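Data first, discussion second: the structure below is written as structure tokens.
Rule-based calculations on the coordinates, nothing more; no lab input. Predicted, not measured: the structure shown is a model, and the values here were computed from it. Counting neighbours? That spans all protein chains shown, and the Cβs are built from the backbone with ideal geometry, glycine included.
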């Protein structure tokens, strides 16, 4: 089974950029389907790259979305989300990573022994 073409990374990045209640529902639905994992992660990275290139860095929004996705994402995505968050040293990625860490999603998915 191949990866579904819709939604593409552009559509996912737009959902993260807008991030209202409707977008949150869309992203939760997307996270329920393992076939869409690549599209979700590619869209997330595209959105983070756009935030890094923007003239104004909205670190509160980046942190809030990081915390939200850490709570909402299933266990299978937690490591990949953290890898995406750590893929750059830019302040946009740092703000997202702080929210993701604050959510405790990785610790819930993989508790310490």
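From the list 103, 87, 59, 63, exactly one residue is in contact with a helix residue (DSSP H, G or I) (Cβ under 9 Å, 6 or more places away or on another chain) and surrounded by fewer than 15 Cβ atoms within 10 Å (Cβ to Cβ). Which is it? I'd like the intermediate steps shown before the answer.
Numbers: 103 fails: surrounded by fewer than 15 Cβ atoms within 10 Å (Cβ to Cβ); 59 fails: surrounded by fewer than 15 Cβ atoms within 10 Å (Cβ to Cβ); 63 fails: surrounded by fewer than 15 Cβ atoms within 10 Å (Cβ to Cβ).
The conditions single out 87.
Do you know which residues across the stretch 27-48 are surrounded by 16 or more Cβ atoms within 10 Å (Cβ to Cβ) and free of Cβ contacts under 8 Å to residues at least 40 places away in the same chain?
The first filter runs over the stretch 27-48 and keeps only residues surrounded by 16 or more Cβ atoms within 10 Å (Cβ to Cβ), leaving 27, 30-31, 36-37, 39-48.
Residues satisfying the conditions are 30, 36, 39, 40, 42, 43, 46, 47.
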